[in-house]
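Every number here is computed from the coordinates shown, using simple stated rules; none is lab data. Every value quoted in this text rests on a predicted model; they were computed, and no experiment measured them. Here Cβ is always computed from backbone atoms with ideal geometry, including for glycine, and neighbour counts include all displayed protein chains.
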């Protein structure tokens, strides 16, 4: 109900954000599952244990849910996450996505190569990335990229390019048109972006 | 069946709007503008084409001519046209709404499904509704909405999360809500509904996501679905057509397709076939006419053998039952997304024997206006091309092939207009050269599924035009080039004028007979919405939204501007 009242007074971005928080999947108990997730993706602080593990806390609900579905269906290949999702039901996936998306985004201190990051800005322009990613803060099925873990982001961009991550075919063709150095430059730029 | 818990929703609406009503209590009295006619009768809707006060349909009338019968604003005085008022919405994003005007009250919508009721003479806000968007939305081409439909004392709007809403027109209170499709699988709504005889008619977006398209009729009182026509036929193979409507070879490999069909079966379940715009209604024949968009995946034909019926087609169905009457397919097995989107128009046309017969017009992304016999949907003629065509139909390749028009070509979703006295239809067009790339990938369950990419060729010039076509002959009468590709819509009036806007913020009036420009106004943001006209207390207004466009990335804004001729 809180979401309704706030909806009245806040702008558009918030309208979408709060509406994601009002999904009710109370019926599904995910406590046991969460213990496992937290061992890699972090506990209440939302801080992943390793730099190759993405931040989930504060990520978009719909995006997270879709990733879990895609790992399970094999559209996104990853030895760890395929195993993690094999036994999850759709409702459990929704509940997990809801749990993480309702948390605050976790701020990290990534080790940015500033020179590379400066080049990244123009590569992002050439790729017209902001056409969908806007200011890189995430919206529904488009994930937040600003401040994401650097090694993870670079790896997943390469996975798009090398057709390991197949769950977004259009992005595969897009990443194809960039050199590995461009990808690194963009990853550095995006990881270093903080909230406006 | 409507998925709707009445108690819960009413409570929700009460909470959302409680504060708004108290804050604007003095403005609610404007609702008295409804006068005695606070209800839109079927008779009013039927006669809308001759109604010089209201603007009751997104495309003006059931025939969808977008022809406004008043000539108070005309070729003589249009130079004196000035803004009467400007209303700014809360949403600075792509604006495609057609204002609907009922007895001095205007209803407009914005991106993300807000509705505003305004005093049409002053621009003052009466109420404001925000749809409570679900967490899952999947849409192509921007969070657009193209407007409401009106019937009796209710309003109807489709939503980005694939619902139909029925609201109280006086207060903006939600009355019912029906889910039309699963947004997780790519269904979404941006078109305005059409209401006739108590039925709310609506299509669906999702041709970029592997949906199975439809047109549905809902009961206006309850939201219950009365019938569904699936736009992809269970046997979608068709006649294995090798040539398009204009007789050009589409270079299909029919043997390979037949082999694929034997292997995979009919692809109809994920074949796309969105319906982006309003159906035209033939009240006498009790039929509706609409066009069906591209097959999924857009560029990759290898996963969908056959003609892919009824994608890229004009289709007619019975209004009462939704049963198929006839169709005509423009491009079988399309792999260029040069589909059918602009709403069809019903007018009498000359057939090839010179006799006048009931006809249907459609403006295609190919750049042709197609003229049909209304009886059996057959093609009578197609117009000269309104935009350059080159290299048609070269097949897409991995590295890309250049072909004109580009996939945003010709008429797009923009409605055309007709001046029947002149026998002319007016279309706004895009010229945006592109290369077509194919890359096969399996159905991704509700994610963008283009089967490749369309790439704009950056070094080539882009532009637009307004073209007047004599639909009795197919000849172009006049053409005016514009700086940028055009998207939005166009309105003709009995004052001898046509009105259309541009991405650079210009809103212009032209002489409908000659195309000479008679008036212009800089709106400050892209004018990419279809204009409308209405009168209040004997004063005629022209109204248009200036909020830019996502698809072509035209400058965003949030203005609704009403113009009138100053005394």
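Between residue B:173 and residue B:379, what FRET efficiency follows from the Cβ-Cβ distance if R0 is 45 Å, with the result rounded to 0.05? Before the final figure, lay out each step's value.
Values: r = 46 Å, r/R0 = 1.03.
Computed FRET efficiency for residue B:173 and residue B:379: 0.45.
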task: Give me the percent of DSSP beta bridges within the protein assembly as shown that run antiparallel, rounded to the nearest 5.
output: 95 percent
message: In whole Å, what are the extents of region B:458-543 along the principal axes defined by its C-alpha atoms, from largest to smallest?
response: 52, 38, 18
- prompt: Build a GNM of chain A with springs between Cα atoms under 10 Å: which of A:138, A:127, A:42 gets the top mean-square fluctuation?
  reply: A:127
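Let me know the Kirkwood hydrodynamic radius for chain A, please, with Cα pairs as the basis and the value in Å to one decimal. Walk me through the numbers before you get to the answer.
Values: mean 1/r = 0.0572 Å⁻¹.
Result for chain A, one decimal place: 17.5 Å.
Would you mind ranking B:460, B:257 by Cβ crowding within 10 Å, fewest neighbours first? Working shown, then result.
Working: B:460 13, B:257 19.
Ascending number of Cβ neighbours within 10 Å: B:460, B:257.
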message: So if I take the centroid of the Cα atoms in region A:78-96 and the same for region B:202-251, what is the distance between those two points in Å?
response: 35 Å
- prompt: At 222 nm, what helix-only mean residue ellipticity would the protein assembly as shown give, in deg cm²/dmol to the nearest 500, using -39500 (n - 2.57) for each DSSP H run of four or more?
  reply: -5500 deg cm²/dmol
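Can you pull a Stokes-Einstein diffusion coefficient for region B:264-376 at 25 °C (0.890 mPa s), Rh from Kirkwood over Cα pairs, as a whole number of µm²/s? Numbers along the way, then the final one.
On the way: Rh = 14.6 Å.
Once the numbers are plugged in, D ends up at 168 µm²/s.
Nearest 5 is fine: what % of DSSP beta bridges in region B:207-314 come out antiparallel, could you say? Walk me through the intermediate numbers first.
Numbers: 12 of 13 bridges.
So the antiparallel bridges amount to about 90 percent of the total.
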field: 0 to 90° range, to nearest 10: angle between helix B:6-23 axis and chain B longest Cα axis
entry: 50 degrees
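What is the diffusion coefficient of the protein assembly as shown in µm²/s, taking the Kirkwood radius over Cα pairs and the Stokes-Einstein relation at 20 °C with a viscosity of 1.002 mPa s? Don't jump to the answer; show the numbers that get you there.
On the way: Rh = 26.8 Å.
Result for D is 80 µm²/s.
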task: Find the centroid of the Cα atoms in region B:135-188 and in region B:404-479, then give the distance between the two in whole Å.
output: 27 Å
Projected label distance in nm at residue A:132 and residue A:181, using a 7 Å step from Cα toward the beta-carbon: 2.7 nm
task: For region B:180-331, evaluate the Debye formula with one uniform point scatterer on each Cα (no solvent term) and list log10 I(q)/I(0) at q = 0.08, 0.09, 0.20 Å⁻¹, rounded to two decimals.
output: -0.23, -0.29, -1.21
task: Using only the C-alpha atoms of region B:367-460, find the volume of their convex hull and express it per residue in Å³.
output: 159 Å³
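Suppose we keep just the DSSP beta bridges with both residues in region B:418-553; what percent of those would be antiparallel, to 5? Walk me through the numbers on the way to the answer.
Working: 41 of 41 bridges.
Expressed as a percentage, antiparallel bridges in region B:418-553 total about 100.
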message: So if I take the centroid of the Cα atoms in region B:332-400 and the same for region A:174-196, what is the distance between those two points in Å?
response: 44 Å
Förster radius 41 Å - calculated FRET efficiency between residue A:51 and residue B:456 (Cβ-Cβ, nearest 0.05): 0.65
query: Extension gain residue B:82-residue B:50, at 0.36 nm per residue separation less the Cα-Cα distance, in nm?
result: 9.0 nm
- prompt: So how long is each side of region B:177-252 along the principal axes, counting just the alpha-carbon atoms, biggest first, in Å?
  reply: 49, 31, 23
query: Within region B:248-277, whose backbone N sits under 20 Å from a point 7 Å along Cα→Cβ of residue B:324?
result: B:258, B:261-262, B:265-276
- line: Expressed as a whole-number percentage, the relative contact order of chain B with C-alpha contacts under 8 angstrom and at least six residues apart is 15 percent
field: Distance-filtered residues of region B:392-427 - backbone nitrogen under 20 Å, label point 7 angstrom along residue B:256 Cα→Cβ
entry: B:392-403
- line: The equivalent-ellipsoid semi-axes of chain B, taken as the square roots of five times the Cα gyration tensor eigenvalues and listed largest first in whole Å, are 35, 28, 22
- prompt: Taking chain A as a Gaussian network, Cα atoms linked when under 10 Å apart, which of A:117, A:57, A:126 shows the biggest mean-square fluctuation?
  reply: A:126
- request: Report, to the nearest 10°, how far helix B:254-264 tilts away from the longest principal axis of the Cα atoms in chain B, using its own Cα long axis and a range of 0 to 90°.
  value: 80 degrees
